[in-house]
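Note sheet for the following structure.
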Amino acid sequence: MTTEIPMDKTTDTTKVSTAQATPIVPLPHAAARALTVAGSALALIGTFLAWTWTREFPGNLTVTGYPGGLQVLTLVGSALTLLFTLSGYGIRGLGWLTPGGKNSPVLLAALGVFGTTGYAMGAISQELGGLVNLEPGAWVSGIGALVALIGALGLPVDQPYGAEDPNPNLWGRIRHSLTAPEPGRAKELPSWAEILIIAAGFGVGLYVFAFGIGTEYSELFIGFLIIAAFGFTAVTRAGLLKRLSALTAKHRNVAMAAAFVAAICFPFTQTNDQFALIGANILIFATVALGLNVVVGLAGLLDLGYVAFLGVGAYAAALVSGSPQSSIGVHFPFWAAVLTGAAASLIFGVVIGAPTLRLRGDYLAIVTLGFGEIFRITMNNLNGNSGPDVTNGANGIPNIPDLEIFGFNLGLPHNVLGHELTRSGNYYLLMLLFTAIVVMVFRRSAESRIGRAWVAIREDETAATAMGINGFRLKLLAFALGASLAGLAGTVQAHVSYSVTPEQYEFAGPVPPNSAFLLAAVILGGMGTISGPLIGAALLYLIPAKLQFMAEYQLLLFGVALMLLMRFRPEGLVADRRKQLEFHETGQLDVPEDKSLPDGATGVAKAGA
Amino acid sequence: MTTTTTAPTSTTVLDASGVTMRFGGLTAVRDVNLTVNTGEIVGLIGPNGAGKTTFFNCLTGLYVPTEGKVAYKGTVLPPKPHLVTQAGIARTFQNIRLFANMTVLENVLVGRHTRTKEGLWSALLRLPGFKKAEDASRARAMELLEFTGLAAKADHLARNLPYGEQRKLEIARALASEPGLLLLDEPTAGMNPQETRAAEELIFAIRDKGIAVLVIEHDIRFIMNLCDRVAVLVQGEKIVEGPADVVQSDERVIAAYLGTPFEGAPGEAEAAEVEAAEAEAQSTTEGDDK
Ligand SMILES: Nc1ncnc2c1ncn2[C@@H]1O[C@H](COP(=O)(O)OP(=O)(O)OP(=O)(O)O)[C@@H](O)[C@H]1O
Ligand SMILES: [Mg+2]
């Protein structure tokens with residue numbers, strides 16, 4: 001989404017088909033498909049029956065409830081499986097569902113249903129003490145899911161094995177059966193229809209997202225994660241995501257507006273202030289991640305102390321907020337506070353960047369890591385004992401008053417269009433405005449002479465300077481821009497969280513906006529893209545917030561998840577078109593090696609030779 | 001032409017004098033003087049490791065020469081690559097250094113960096129001039145792709161181009177900075193005879209645009225066809241300079257290439273021998289640079 005390169009129509013990546021792939025489970029085609037349909041239908045029917053006898057298991061899975069809690073997930077998942085399978089039958093009117101892969105989406109959806117249903121059954125028996133607590137409905141769904149999975153494993157595989165490995169082992173065959181060919185070009189629809197599809201796409205996205213935030217107990221959230229992950233992959237393999245992104249690329253401004261409107265709708269779907277607060281915090285996190293993406297994703301500068309810029313903005317805003325504990329004791333209007341915060345971050349960014357950006361690669365990472373910590377420690381020490389009293393040391397600046405913009409007090413609930421908009425909802429909407437600004441800044445700068453120069457520096461700094469790019473100046477510009485964007489977000493963050501303390505701005509910690517999580521959000525989401533860091537930040541915020549019971553293992557699991565992701569999808573969830581080609585093309589072509597060698601005796605990078 | 005006493009310099013595009021580059025104990029380039037005049041194609045040849053690329057790096061500011069100075073159209077250049085490009089010297093690299101994950105068009109647009117002005121504010125606020133400048137830049141870049149025969153591949157990633165086209169793209173990218181002097185470092189390395197001939201045509205066309213060319217090449221026939229003047233670098237020193245046919249029959253050059261050993265260069269002779277044979281067979285491959 002970041003670059004305005006026209007869609008590449010080349011198909012020179014098509015692999016030569018060699019060996020026809022065989023399904024994992026040897027079944028006649030018709031039988032496999034029938035099994036899948038029957039199994040999914042069974043799983044679907046099971047969700048209308050009781051899964052357990054007591055309401056002790058959260059979400060009311062008893063006979064009185066309609067499909068509730070985890071049952072809803074199985075219901076949606078099996079409906080999706082059913083639709084994909086029927087589309088594979090060539091039923092008229094369903095063909096649009098699978099323009100890409102026909103059978104791998106079925107398999108993925110079936111896996112998702114099996115996973116969630118299986119998880120639900122396991123959780124019920126574990127929490128209530130034994131399998132006896134499962135009512136027949138659970139068994140119906142569970143067996144249905146298993147049958148559907150076996151059927152799906154017997155469906156023909158979408159693509160022949162690749163030329164490089166015509167005879168894969170079992171693991172390779174399983175992985176291969178989950179791949180799918182790219183969809184061809186969609187036929188043209190009238191503009192209004194395409195825009196309607198975009199709106200529907202974003203509507204579904206918003207609904208899924210709001211559902212995730214609104215999950216009230218961790219069992220439901222885990223089930224949601226399972227089905228969402230598989231469902232998302234299934235939709236991707238079916239080629240629907242490609243189709244949608246082709247449409248959004250065509251109607252970019254409409255798509256932006258649709259995403260923005262969907263995001264505005266979010267607080268109106270929430271009745272609970274706590275969930276709106278999660279939304280606001282996600283936006284803060286995501287906005288800062290997007291700012292970091294300018295530095296890391298575009299200019300390729302590894303900044304490990306980025307959260308300090310958020311801190312500078314927040315501290316600056318707190319000092320001029322009129323908080324009784326502020327050592328300055330002035331009360332700026334909001335717009336002035338925002339400018340102060342951004343300017344303070346900008347100056348801090350330039351002061352740090354000017355000496356460090358002459359370093360390359362790992363050195364820069366280490367120095368920025370150090371500066372990030374220096375910021376936190378300095379804030380701790382400006383407490384009147386170890387230094388002048390500016391920031392109250394570890395106590396930070398509490399009691400930051402709520403904002404009042406045009407007489408609209410963001411601290412109070414307001415009634416908008418018949419819906420009670422809570423304090424967090426207000427701040428969510430304010431933050432959304434800032435997110436929109438940062439998205440715009442990212443997009444516009446990326447698609448300009450400056451953005452191209454950044455990418456050139458990322459690709460090959462020596463060649464970039466030889467093309468007339470002043471490497472140092474442009475890197476400093478990226479650094480300063482990134483810093484001020486984080487500063488902007490910091491000014492709102494100070495008000496949302498009522499207080500700023502040094503501990504909010506660590507390198508790594510359990511609460512998301514810290515340098516490690518910011519970087520992870522960018523890399524997990526997809527470097528150099530707009531939607532990537534937004535999605536990455538949402539996931540990285542939600543998962544720890546929803547799964548508090550495993551707080552102790554959180555960082556461990558986080559590390560494992562990152563490693564798995566880097567192994568299987570190094571370009572991140574949302575692939576920059578460039579990155580995708582970079583990581584997944586087996587280099588048949590003679591691609592020049594462009595990594596800079598260790599610097600020579602003169603301290604300049606080796607250019608030719 | 002002006003009537004001042006500096007009249008000769010008005011036709012001198014490049015004037016490198018006394019350029020010396022030392023890496024610790026190794027003197028890779030020793031006191032080299034070289035001038036290139038407008039409308040000229042000058043060749044720079046020499047066995048492997050002679051210091052040709054190092055000399056280019058000194059000219060373009062990638063290396064800071066230990067001694068000597070480089071003047072472009074009468075002004076001495078600071079040893080900063082971006083200022084050198086700004087002044088009007090563009091180059092290509094021996095081992096291709098494209099922006100592999102940018103499109104062909106974007107690569108050329110990056111080359112236009114010094115000839116465009118739009119800053120960050122202009123981009124963020126989309127000030128009135130922005131779109132115009134961007135469109136003009138694109139049009140110019142497309143012209144250059146047309147000129148080098150890459151227009152059809154404008155939207156491909158640079159890394160996906162075949163080898164010969166990557167070399168052409170490097171030239172297009174260099175031309176985008178509207179240089180007065182183009183430095184080409186082995187532009188035909190790894191090319192087959194047809195491609196080499198096409199490259200010759202391209203370089204003549206560049207010269208006809210009024211751009212002086214200084215080219216490093218191992219392919220003697222290519223140099224003979226192309227160059228008005230040839231300089232020979234051996235072990236960092238310029239030993240001969242003159243018209244191509246004169247240089248080719250110069251005994252010192254033959255010695256350097258065919259192996260009367262120079263003092264204290266045991267491996268050099270063999271390397272040069274292999275190199276010369278390769279050049280004759282026109283089968284120079286990319287990997288021979290060491
Ligand atoms: N950065 C550096 N540090 C140390 N030595 C270097 C450096 N760059 C080049 N050299 C040395 O300088 C000498 C000249 O190398 P150079 O690459 O200029 O040769 P060349 O004439 O371009 O050879 P070729 O025809 O193989 O490209 C070599 O011995 C090389 O090892
Ligand atoms: Mg060389």
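The values are calculated or read from the model by the stated rules, or taken from the named source; none is laboratory data. In this text the structure is predicted, and so the values were computed from the model without any measurement. Using ideal geometry, Cβ is built from the backbone for each residue, glycine included, and neighbour counts are taken over all protein chains shown. Areas reflect the complete protein model, heavy atoms only, side chains present, ligands, DNA and RNA absent. Shrake-Rupley method; radii C 1.70, N 1.55, O 1.52, S 1.80 Å.
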TODO: Working from the alpha-carbon coordinates of segment A:124-166, get Rg over Rh, Rh being the Kirkwood radius.
DONE: 1.34
- [ ] First compute the accessible area of segment A:272-508 with a 1.4 Å probe, then give the percent of it belonging to carbon and sulfur atoms.
- [x] 64 percent
Open item on the list: If the only charges are +1 at each Lys and Arg Cβ and -1 at each Asp and Glu Cβ, what is the size of the charge dipole of segment B:14-112 around the Cα centre, to the nearest 20 debye?
Closed with: 140 debye
TODO: Between A:E56 and A:V416, take the C-beta separation as r, use R0 = 35 Å, and let me know the FRET efficiency to the nearest 0.05.
DONE: 0.35
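If each residue of separation counts as 0.36 nm, what is the full-extension length gain between A:W335 and A:V204 once their alpha-carbon separation is subtracted? Show your work: numbers first, answer last.
Working: separation 131, 0.36 × 131 = 47.16 nm, distance 3.49 nm.
Using 0.36 nm per residue and subtracting the Cα-Cα distance, I get 43.7 nm.
Provide the percentage of antiparallel DSSP beta bridges, counting only those with both residues in chain B; round to the nearest 5. Walk me through the intermediate numbers first.
On the way: 21 of 37 bridges.
Once the DSSP bridges in chain B are tallied, antiparallel ones form about 55 percent.
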Open item on the list: Within segment A:527-549, list the residues whose amide N lies under 17 Å from a label point set 7 Å along Cα→Cβ of A:V560.
Closed with: A:543-544, A:547-549
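Considering every pair of different Cα atoms, what Kirkwood radius, in Å, is found for segment B:93-178?
Working: mean 1/r = 0.0762 Å⁻¹.
It is 13.1 Å.
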Task: chain A: angle of helix A:136-154 to the longest principal axis, Cα-based, in degrees nearest 10 - done: 90 degrees
Open item on the list: Let me check I have the definition right: for segment A:272-508, take the eigenvalues of the Cα gyration tensor, multiply each by 5, take square roots. What are those semi-axes in whole Å, largest first?
Closed with: 32, 22, 13
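Using the C-alpha gyration tensor of chain B, what are the square roots of 5 times its eigenvalues, in whole angstrom, with the largest one first? Before the final figure, lay out the partial values.
Details: eigenvalues 218, 104, 62 Å².
Result for chain B: semi-axes of 33, 23, 18 Å.
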Open item on the list: Among A:Q548, A:G311, A:Y498, which residue has its Cα furthest toward the positive end of the charge dipole of the protein assembly as shown, with +1 on Lys/Arg Cβ and -1 on Asp/Glu Cβ?
Closed with: A:Y498
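With a sphere of radius 15 Å drawn around the Cβ of A:N392, what net charge do the other residues whose Cβ falls strictly inside it have (Lys, Arg +1; Asp, Glu -1)?
Local net charge: -1.
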Task: Positive-end extreme of charge dipole, chain A - chosen from A:G95, A:G451, A:G300 (charges on Cβ) - done: A:G95
Task: Other protein chain Cβ atoms within 10 Å, averaged over every residue that makes up B:173-183 - done: 1
TODO: Determine the relative contact order of chain B: mean sequence separation of Cα pairs under 8 Å and six or more apart, normalised by residue count, in whole percent.
DONE: 24 percent
Task: Cα-Cα pairs of segment B:33-119 separated by more than 20 Å (percent) - done: 45 percent
TODO: Among B:G25, B:G111, B:G236, determine the one that fluctuates most according to a GNM of chain B built with springs between C-alpha atoms less than 10 Å apart.
DONE: B:G25
Task: Residues with amide H under 5 Å from that of A:E216, placed H, sequence gap 5 or more - done: none
Task: Potential extension, B:D228-B:T38 segment - 0.36 nm per residue separation minus Cα distance - done: 67.2 nm
Open item on the list: Nearest 10 degrees is fine. How inclined is helix A:252-269 to the longest principal axis of chain A, computing both from alpha carbons?
Closed with: 90 degrees
TODO: Work out from phi, with θ = phi - 60° and the Karplus expression 6.51 cos²θ - 1.76 cosθ + 1.60, the ³J(HN,Hα) of each residue of segment A:461-471, listed in order in whole Hz, and give x for Gly and Pro.
DONE: 5, 4, 5, 4, 5, 5, 8, x, 8, 7, x
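Placing +1 at every Lys and Arg Cβ and -1 at every Asp and Glu Cβ, with all other atoms neutral, what dipole size does segment A:272-508 have around its Cα centre, in debye to the nearest 20? If you can, show how the numbers build up before the last one.
Details: 11 positive and 14 negative charges, 142 e Å.
Charge dipole, segment A:272-508, about its Cα centre: 680 debye, nearest 20.
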TODO: Report the one residue of A:A79, B:V253, B:G129 whose Cα lies farthest in the direction of the positive end of the charge dipole of the protein assembly as shown (charges on C-beta: Lys and Arg +1, Asp and Glu -1; origin at the Cα centre).
DONE: A:A79
- [ ] Could you run the Karplus curve 6.51 cos²θ - 1.76 cosθ + 1.60 with θ = phi - 60° over segment A:111-128 and give me ³J(HN,Hα) per residue in whole Hz, x for Gly and Pro?
- [x] 4, x, 4, 4, x, 5, 5, x, 4, 4, 5, x, 5, 4, 5, 6, 6, 9
Task: Surrounding net charge for A:V25, when Lys and Arg each add one and Asp and Glu each subtract one, Cβ distance under 13 Å - done: +2
TODO: Report the FRET efficiency, 1/(1 + (r/R0)^6), for A:L547 and B:K131, where r is their Cβ-Cβ distance and R0 is 45 Å, rounded to 0.05.
DONE: 0.40
- [ ] Specify the angular offset, from 0 to 90 degrees and rounded to the nearest 10, of the alpha carbon long axis of helix A:273-293 from the longest principal axis of the alpha carbons in chain A.
- [x] 70 degrees
TODO: Quick one: of A:K475/B:K209; B:K52/B:K209; A:K242/B:K131; A:K250/B:K131; A:K242/B:K168; A:K102/B:K153, which pairs are farther than 23 Å apart, Cα to Cα?
DONE: A:K475/B:K209; B:K52/B:K209; A:K242/B:K131; A:K242/B:K168; A:K102/B:K153
Task: Heavy-atom accessible area order for A:W171, B:W121, largest first, 1.4 Å probe - done: B:W121, A:W171
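Pairs of alpha-carbon atoms within less than 8 angstrom and 6+ residues apart define the contacts here; what relative contact order does chain A have, in percent?
16 percent
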- [ ] Taking amide H positions as placed in the peptide plane 1.01 Å from N, state which residues far from B:V13 in sequence (5 or more) or on other chains have amide H under 5 Å from it.
- [x] B:V36, B:N37, B:T38
Open item on the list: I need the fraction of alpha carbon pairs in the protein assembly as shown separated by more than 35 Å, rounded to a whole percent.
Closed with: 59 percent
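Considering just Cα atoms, how many Å³ per residue does the convex hull of segment A:307-406 enclose? Don't skip to the answer; put the middle values down first.
Working: hull volume 9.9 nm³, N = 100.
Spread over its residues, the Cα hull of segment A:307-406 gives 99 Å³ apiece.
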TODO: Kindly tabulate the residues in segment B:80-96 with an accessible-area decrease of at least 50 Å² between the chain alone and the assembly of all protein chains, using a probe of 1.4 Å.
DONE: B:H82
- [ ] Equivalent ellipsoid semi-axes for segment A:485-560, as square roots of 5 times the alpha carbon gyration tensor eigenvalues: give them largest first, rounded to whole Å.
- [x] 20, 18, 11
Open item on the list: Residue by residue through segment B:62-67, what is 3J(HN,Hα) from phi via Karplus (6.51 cos²θ - 1.76 cosθ + 1.60, θ = phi - 60°)? Round to whole Hz and write x for glycine and proline.
Closed with: 5, 10, 8, x, 5, 9
Open item on the list: Within 11 Å, Cβ to Cβ, of B:L145, how many net charges do the neighbouring residues add up to if Lys/Arg are +1 and Asp/Glu are -1?
Closed with: +1
Open item on the list: Could you tell me the calculated FRET efficiency between B:N192 and B:V246, based on Cβ-Cβ distance and R0 = 30 angstrom, to the nearest 0.05?
Closed with: 0.55
- [ ] Given the options B:D245, B:D15, B:D135, state which has the largest fluctuation in a GNM of chain B using a 10 Å cut-off (strictly under) for Cα springs.
- [x] B:D135
TODO: List the residues whose amide H sits under 5 Å from the amide H of B:V240, counting only those 5 or more places along or on another chain, with H placed 1.01 Å from N in the peptide plane.
DONE: B:V232
Open item on the list: Charges at C-beta only: +1 for Lys and Arg, -1 for Asp and Glu. How large is the resulting dipole of chain B about its Cα centre, in Debye rounded to 20?
Closed with: 1640 debye
